[in-house]
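> Next up is a structure, given as C-alpha cells.
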Amino acid sequence: MTGQRLRVSGYRFRATFRRRWGAYLSLVLLIGLVGGVAMGAIAAARRTQGSFATYLASTNPSNLSLGTALYAPPLGFTSGYDAPLVRKISRLPHVTRAESYTSIYTVPIQADGQPTAAAQKANFSVYGSVDGEFFNQDRATVVHGRMADPHKANEIVMTVAAAQALGLHVGETAPWGTYANSQSSSGSGPPPQPYLRQRLTLVGTVVLNNGVVQDDIDAGAATTVIATPALTRQLVGCCSNFSFTYLQLQHGSRDVPAVEAEVEHVVPAVLPYDFYDASIDVIKAQNAIKPEAIALAVFGLIAGLAAILIAGQLIARQLGFWSHEERTLRALGADPGMTVGDGLVGIMAAVVLGALLAGTVAVALSPLSPLGPVRPVYPDPGVAADWVVLGLGVLVLVVVLGALAVALAVQRAPHRSAAGWRRNTRSPSPIATAAANSGLPVSAVAGIRFAVEPGAEADAVPVRSAILGAVLAVIVIVATVVFGSSLNSLVSHPSLYGWNWDDALIAGGGVGDVPAAQSASLLDHDPQVAAWSGYWFGTLQIDGLAVPIMGGTPKEAVGPPVLAGHRVDAPGQIVLAPGTLAQLHTRVGDTVTVRYGTTTPHSLRIVGTATMPAVGIGGVTGHPSMGTGAVVPYQLIPESVRNQFAVSPTGPNAVFVRLKPGVSAAASARSLNRIAAKLSLPTNYPTSVLTVQRPAEIVNYRAMGSTPLILGLGLTAGAVAALGLTLIASVRRRRRSMAMLRTLGFTGRQLAATLAWQATVAVGIGLLLGVPLGIVVGRVLWDLFANRIYVVPSPTVPALVIGAIAVGALVLGNLVAAIPGRMAARTPAALLLRSE
C-alpha cells in the first residue's frame, strides 16, 4: 500500500509540476533568502564573539608579562635592562619563551638638537624590542606600509596615534635624538642636546595586540613607537629607562600561578615587578564585543522564526489552493494517505532545496563578518563556513518546515475538512460576538471578525499564526528598545560601570604620589567637594592569582559601587570584582590569602563584590576594569612599591572626588585644576585632573551607535511585511466573502474600512499582549547581560518611545492595509458569485 501511495504521489508531482513550479520556486527562494540571512547572522555572531581570540592567536601572543628592570638609582638600579635576570626567568620551569622590550628616551629633533614642536606636545613612548618582542612574539599588525626589518637600525614603526601626534608619515625619514639615563630625571624636561643622534625612517603604522580593544586609561598609552632589535642593542646599555619581559608558558594561562611563584624567587625584592595575565585582555575584549554578537544572534533567531512562520503560511496557502484537486482525488477513490501526499513531494523538495540555498546564502554573507573593533585587523576576513550553524540551520529548516507541511496536509485533507468547517462555523470568536453586540459600524464588525476568525474552509485564513506573529514581533521590538535604552543608560552613567565619583586627582599618570596632607587640606576646605578618598594602585597575588588592586583605607567615603555584600570596613577584609571572584572559585564570606611577592601573606575575608573602575596605571601594567580587580587595605602594598621612585611628599596615587549636587562641570574643573596646580611640587610627579575613564566595554558600546535601532527597524520591517502579506492573503482567500458583502450593499470605501479594522485589531492585539511581555523580556535580558559584564544592573523603560511605537504601529498597520483595501474595493462581485 505504501508503495502504491508513493507511486501516486510521484505521478501527481510530475503531472502537476508545470502548473505548480512557480509556487515551489517561491517557497525555495523565501526559505533560501530569509533562512540564509538568519543563518548568516547567527554565524556572524559566533565569528564576531570569537574574533579577538582568533586575532590574538595570529600574533603569537604571550601569556604573562612582568617588569624586569627599572632605572632608579635611589633603589640601587642603574640600568633599565637586566639581561641576566631575563635569562634566569627564561630558564624557569613552564616557561617556553621570554622576550623583552625596553623604554628608550628618544624623540624627533630639529637641526639644533631640540625636540620638534609636535614631539614637545605629544605624549608618546618609544619601546625598543630587545630580542624580537613585537616582531615574532606579540606581533604588531601592520595597518599601512610594512613591518620594520628587525636587522636594520634605521627603521621604525609606530601606532597611528603616534604618527598623528608626531606629524610623521609612512616613508618619511627624520632625525631623532636619544638621551642617556644620566641626562633624564622625573619631572624635568629634556637636556639641551641629545646623547646620540640618528636618522630613522618610518616604514609602517601598526596596531599592538593589546591595543585593539582598549580602556580610556590605556588609550593614553596608545601613542607608541617601536624600535628594531638592531637599534635597541645600540641603546640598551646607555639609554634604557625600564624593561618588561613577556613570557609564553607551556600550558598557557594554566601555568600563570606557578610561574609567578617561581619568578618571585629570582626577582629582587625591592623591584616593582607587577605581573599581568594576558587572558585579562581576552575577557575584556569578549565582554566589549558581546553586545554586537548578541544583537546579531537575536536578529538571526528572529529572522529564522520569520522564515518558518512566513514559509508555513505560504505552505498553508499552497495546500489550500490545491484542496479542490484533493477532493476530486478523494471522490475518485483515493484513500486518505494518497490525498495527504498530494503536493507534499513538491513541497518537501522545495523545503530541502530552500534549506540548502539558505546555507549557500549564509556562506556568501560571511565576508561581512566579524563586526566590531577587531574587523580591521582580523587575520582571515574572507569567506568562511560555520559548519555547526550551517548543519543545524539546514536541519532545523527541513525538520520544522517538513513537519509543518505534513501537519497542514493532514489537517486540510478532504476526510477532515468537513469536520473542521463545522467546528469553525459553530465556534464564533467572543471578540467578534462582542463587537457585533456593541453597536459598532458594520464595516468594523466585519473587519474584527476577519481579524480573529479564520473563516469557513473555502475561505480559511491562518489568523492565529498572523496574530501570533504580530505578538512576537511586538515583544521583540519592545524588548530590543528596552535593551537599547538600558545600554544607552549604562554608557551615559559612569556610576553604573564603576566610576562612582565625578573626577580624580592623579599623580604622574598613576605612578606618582598626590601629597597626602596638602590634598586633604585643600579638598576639605573646598565648598564644592562633598567627599573624597585616596587610593594606591598595584598588583597583588590573591590565592596565587595576580590581580590588579586599589588600595584604600577602610570605611572610605568614596569607592566603587558595591554589587553584593558591603565595602571594606576593617583591615582584614577585601572586596573583589565578580570576574575575579569567579576566577578564584570563591564567594562572599570565603577567605583568601593575599601577598606581594615574598612578603608575609595575609588572610582576608571577602565581604563583597563591586564593579571596578577602569583606572590605574595604563599601558604597561594591568589595572582594575569592571569585572577584574579588588579593593584592599593599602597597607598590603609594600611601602617601597607605594613610593618606588622615592618622591616627596608621599601620598596616594590618586584621589577620587565626589562633588556636591548642582555643581557644574566647568566650575568643578576650575576648582580641581587649581588644586592640582598647588599639588604639583618640584620633588614629585605633577598632579593632574582625571575625568571619567571608560573601560573597553563602554568604549565599544558607544561605538555600536545605532545597532539596536537598526535591529529594531529590521524587525519592524519584517513585522510590516508579514502583516501586509496576511492582509493580501485575506483579500485573496476571502474574495467570495468580499463579493457577498458587495452584494449586500457594501461600498468600496466600506470594504477598505473593513480591511483597516482588520489590520487595527491584529496590531492592537499584538500591542496589548506584546508591549507588557516585551518590557518584561527586555528587563530580564538586560539584567542577565549586566550581570554577565559585571556592571550595576539598572534597566530603563522608555515609556515615551514605547508609546510612540504603539501609535506608529497602529498608523503603519492602517497604511499597510491601504493596498489590500483597494484590492477589496475592486472585488468583481458578479463574476465571483456567478462561479458559486
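> So for each of 242-248, 117-123, 668-674, 757-763 I average, over its residues, the number of other beta carbons within 10 Å; can you give me the resulting order with the highest mean first?
Going by the mean number of other Cβ atoms within 10 Å, highest first, we get 757-763, 242-248, 668-674, 117-123.
> To make sure I understand the rule: partners must be lysines, Cα under 26 Å from the Cα of K678, and not fewer than 8 residues away in the same chain. Which ones qualify?
Those lysines meeting the cut-off are K121, K660.
> Efficiency by 1/(1 + (r/R0)^6): what FRET value for N123 and A530, r their Cβ-Cβ distance, R0 = 35 Å, to the nearest 0.05?
Computed FRET efficiency for N123 and A530: 0.65.
> Additional query: At R0 = 60 Å, how high is the FRET efficiency between H265 and K660 if r is their beta carbon distance? Nearest 0.05 is fine.
With a Förster radius of 60 Å, E is 0.75.
> Compute the distance from the alpha-carbon center of segment 91-132 to that of segment 345-371, in whole Å.
51
> Give me the number: length gained by fully extending L392 to T650, i.e. 0.36 nm times residue separation minus the C-alpha to C-alpha distance, one decimal in nm.
Here the segment from L392 to T650 would lengthen by 86.6 nm.
> Convert each backbone phi in segment 83-97 into a coupling constant with the Karplus relation 6.51 cos²θ - 1.76 cosθ + 1.60 (shift: θ = phi - 60°), then list the ³J(HN,Hα) values in order as whole Hz, x for Gly and Pro.
For segment 83-97, the Karplus-derived couplings read 4, x, 5, 5, 5, 4, 5, 5, 9, 5, x, 6, 8, 9, 7 Hz, x marking Gly and Pro.
> Here is a further query. Spelling out what I want: for every residue of segment 485-493, take phi, set θ = phi - 60°, compute 6.51 cos²θ - 1.76 cosθ + 1.60 (Karplus), and round to whole Hz; glycine and proline get x.
5, 5, 5, 5, 5, 4, 4, 8, 10
> Another one. For L563, list long-range residues whose amide hydrogen, built 1.01 Å from N in the peptide plane, is under 5 Å from its own amide hydrogen.
The answer is T609, A610, T611.
> Can you give the accessible area per residue of segment 474-539, in Å², using a 1.4 Å probe?
29
> Let me ask something additional. Using a 1.4 angstrom probe and counting only protein chains, how large is the accessible area of K660 in Å², to 10?
90
> Further, regarding this structure: Give, in nm to one decimal, the length gained when the segment between A364 and A570 is fully stretched (0.36 nm per residue of separation minus the Cα-Cα distance).
Gain in length upon complete extension: 68.2 nm.
> Okay, next question. Please list, ordered by chain and number, the residues whose modelled amide H lies under 5 Å from the amide H of D590; skip anything fewer than 5 residues away on the same chain.
Residues meeting the amide H criterion: I606.
> Before I look further, what does segment 201-308 give for accessible area per residue, probe 1.4 Å, in whole square angstrom?
Ligands and nucleic acids excluded, the result is 30 Å² per residue.
> Mind jotting down the distance between the C-alpha centroids of segment 505-548 and segment 610-675, whole Å?
That distance is 4 Å.
> Also, I was wondering about something else. Taking the simple approach of a point 7 Å from Cα along Cα-to-Cβ for both Q114 and R199, what is their distance in nm?
In this crude spin-label approximation the distance works out to 2.3 nm.
> Here is a follow-up. Mind listing the phi-derived Karplus ³J(HN,Hα) values for segment 654-662, rounded to whole Hz, using 6.51, -1.76 and 1.60 with θ = phi - 60°, and x for any glycine or proline?
Per-residue couplings from phi come out as 8, 10, 8, 10, 9, 8, 6, x, x Hz.
> Would you pull out the residues with amide H under 5 Å of R97's amide H, same chain only if 5 or more places away, H placed 1.01 Å from N?
Q248
The values are calculated or read from the model by the stated rules, or taken from the named source; none is laboratory data. Keep in mind it's a predicted model, so treat the numbers as computed, not measured. Because the Cβ atoms are built from the backbone with ideal geometry, glycine has one as well, and the counts that use them run over all protein chains shown. Quick note on the areas: whole protein, heavy atoms, side chains included, nothing else; ligands and nucleic acids left out. Shrake-Rupley method; radii C 1.70, N 1.55, O 1.52, S 1.80 Å.
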